[in-house]
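Asks: Quick one: this structure, given as structure tokens, is what I'll be asking you about.
The values are calculated or read from the model by the stated rules, or taken from the named source; none is laboratory data. As the structure is a computational prediction, the values presented were derived from the model and not from experiment. Don't worry about glycine lacking a Cβ; one is built from the backbone with ideal geometry, like all the others, and counts go over all protein chains shown. The protein model used for the area step is the full one, side chains on, heavy atoms only, and it has no ligands, DNA or RNA in it. Shrake-Rupley method; radii C 1.70, N 1.55, O 1.52, S 1.80 Å.
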Amino acid sequence: MTKGVSFVPVIIISPIIVVRLMYKSAPADLQDATLNWRHLGLLAFFCLYALTLTVVAPRIFGGAPTIGLNTQQETPLAPGFGNVTQTLYLLNSCLLALGTYLLLLQQSGREIFRKGLILGGMAIVLSGVADMLTYGSTILDPLRTAPYALLGNADMAGMRRVIGLQPEASSFGYATLSFAATLLFARPAQTLSAGWQVLAALTGWSCLFMAALSTSSGAIMGICLLFAILAGDTVVLAVAGRTALDQRILRSNVLVLAGLAVGLGLMVTVLPDVGSQLLRIFDAAILQKSGSSSYEERSYWNSVSLDGLKATGGFGLGIGSTRASSWIVAILCATGLIGSLLLALFILNAFRQPLAHLDPADRLFVRGTRRALVIAFLPLVGSAPSADFGVQIAMMFAVMTAIPAALAGHPSGRKPLPGLRHAVARPRAHRSIGA
């Protein structure tokens with residue numbers, strides 16, 4: 001019925017959420033979010049340019065070399081159904097960034113979002129556990145929405161790869177790694193009760209464990225980067241940490257790094273078989289990756305896509321016109337030099353948002369999200385086939401821009417979103433969220 005197009009739940013549900021948030025928000029907030037270059041303006045311009053280019057590029061530059069999305073072979077550029085579906089995915093991610101931005105402008109919305117991150121991490125951990133418990137059966141197949149061949153029985157160095165409800169290990173590894181980095185660095189439960197804080201810590205480390213069980217090369221590299229950033233933060237906190245929150249984080253980081261050192265020592269001395277198996281997995285996933293047939297094939301995709309970009313004079317092929325194996329190559333080939341520059345400027349601006357006016361918990365939330373974004377980008381750089389940056393990065397974009405705006409004297413930051421009954425009182429005149 002859908003001609004092979006995957007209508008995953010997020011594509012169906014998220015527009016409803018975004019429209020609802022837009023309806024509940026003040027017109028001034030919506031205008032400021034989409035037109036102010038200090039907030040989401042550059043992302044909105046990028047999205048508009050990408051949509052326009054996708055309409056005209058396949059017609060103007062028809063015949064340029066591309067890699068077919070379904071055939072994965074070199075094909076001449078022409079309008080196709082992939083332009084529609086991949087554009088919808090990218091548009092959905094941009095709209096989710098906008099909806100999350102509007103939610104985070106409100107004090108009550110920020111609390112809902114913090115809890116949502118923890119519950120989302122719990123859900124993906126449970127999906128990994130369910131996948132492990134039902135291995136060899138087809139019980140979970142109806143919950144996997146991809147109609148193409150699933151890679152659920154693959155292994156890495158003799159170890160079965162956990163995929164949760166994802167179609168393959170790399171996508172599960174990316175999702176769990178993104179949640180782990182956000183929960184462990186941004187610490188969303190800092191403004192919540194002690195119970196939520198314990199739950200957030202357990203969920204974050206469980207997500208990291210599931211990312212390791214996926215044995216995805218991108219996830220493994222992301223885990224290594226996560227611990228490297230954690231070690232760097234520990235040194236900085238030991239030298240310059242002043243607040244009580246800094247000291248708590250320092251003690252936590254020291255315990256984690258000490259536990260990691262003890263665990264590695266035990267694997268080398270007491271459990272050498274476990275250590276050898278981990279080394280084989282690392283060798284197969286990282287060191288031997290460049291010699292695999294998959295790597296050669298993906299490099300070929302990038303080469304042909306870049307040839308197509310050259311054929312357009314750098315303007316771009318349009319969203320969904322070609323397949324790549326790197327998100328950077330996909331963005332560059334799909335949106336050209338202009339679109340890539342707009343997105344790069346938006347990301348740079350998001351990292352440069354002033355945080356001095358934030359309280360310690362909110363400042364940690366934004367700074368931790370910045371670190372999580374760097375870690376989440378790592379798997380995308382090595383394996384993402386399309387220009388869509390996805391739901392989790394969209395929400396990170398919103399956190400990095402909305403919270404500094406909401407707490408910088410923004411009027412919406414001092415009042416609850418109508419209908420969100422969390423933590424703060426709301427005027428009775430407001431309609432409930434079910435109205």
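Okay, residues lined up against (1) farther than 20 Å from V198 by Cα; (2) among the small types (G, A, S); (3) in contact (Cβ under 8 Å) with a residue 24 or more places away in the chain:
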residue	(1), (2), (3)
L91	yes, no, yes
L96	yes, no, yes
Y101	yes, no, yes
L104	yes, no, yes
G120	no, yes, yes
A123	no, yes, no
G128	yes, yes, yes
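Asks: Looking only at segment 10-25, how many residues end up being hydrophobic (A, V, I, L, M, F, W, C) and exposed (fewer than 15 other Cβ atoms within 10 Å of the Cβ)? Can you show your working first?
Replies: Initially, segment 10-25 is screened for residues hydrophobic (A, V, I, L, M, F, W, C), giving 10-13, 16-19, 21-22.
Adding the requirement that they be exposed (fewer than 15 other Cβ atoms within 10 Å of the Cβ) leaves 12-13, 16, 19.
Final tally of qualifying residues: 4.
Asks: Now for a separate question. Report yes if T100 is closer than 17 Å to L332 by Cα and touching a helix residue (DSSP H, G or I) at 6+ places or on another chain (Cβ under 9 Å), otherwise no.
Replies: On the way: closer than 17 Å to L332 by Cα: no; touching a helix residue (DSSP H, G or I) at 6+ places or on another chain (Cβ under 9 Å): yes.
So T100 does not fit the description; no.
Asks: Output the number of the condition that G136 fails; it satisfies all remaining conditions of (1) assigned to a loop (DSSP other than H, G, I, E, B); (2) open to solvent by less than 20 Å² (accessible area, probe 1.4 Å).
Replies: Of (1) assigned to a loop (DSSP other than H, G, I, E, B); (2) open to solvent by less than 20 Å² (accessible area, probe 1.4 Å), only one is false for G136: (2).
Asks: Restricting the search to segment 21-36, which residues are more than 22 Å from the chain's Cα centre (by Cα) and either closer than 23 Å to T87 by Cβ or among the polar types (S, T, N, Q) (or both)? So that I can check it myself, show each step before the final result.
Replies: Start the filter on segment 21-36 by keeping residues that are more than 22 Å from the chain's Cα centre (by Cα), which leaves 22-32, 35-36.
M22, S25, L30, Q31, L35, N36, listed by residue number.
Asks: So, of the residues in segment 26-48 that are over 17 Å from L96 (Cβ atoms) and aliphatic (A, V, I, L, M), which turns out to be surrounded by the most Cβ atoms within 10 Å (Cβ to Cβ)?
Replies: A26
Asks: OK, next. Which is out of contact with any Phe, Trp or Tyr (no Cβ under 6 Å at 6 or more places or on another chain), outside any helix (DSSP H, G or I), open to solvent by less than 10 Å² (accessible area, probe 1.4 Å) and not acidic (D, E), of T66, T75, T71? I'd like the intermediate steps shown before the answer.
Replies: Details: T75 fails: open to solvent by less than 10 Å² (accessible area, probe 1.4 Å); T71 fails: open to solvent by less than 10 Å² (accessible area, probe 1.4 Å).
Being out of contact with any Phe, Trp or Tyr (no Cβ under 6 Å at 6 or more places or on another chain), outside any helix (DSSP H, G or I), open to solvent by less than 10 Å² (accessible area, probe 1.4 Å) and not acidic (D, E) holds for just one of T66, T75, T71, which is T66.
Asks: With segment 148-265 as the region, which helices (runs of 4 or more DSSP H) entirely inside it contain at least 1 residues that are modelled with pLDDT of 90 or more and either surrounded by fewer than 17 Cβ atoms within 10 Å (Cβ to Cβ) or acidic (D, E) (or both)? First the steps, then the outcome.
Replies: On the way: elements: 169-181, 194-213, 217-240.
Those helices (runs of 4 or more DSSP H) span 194-213, 217-240.
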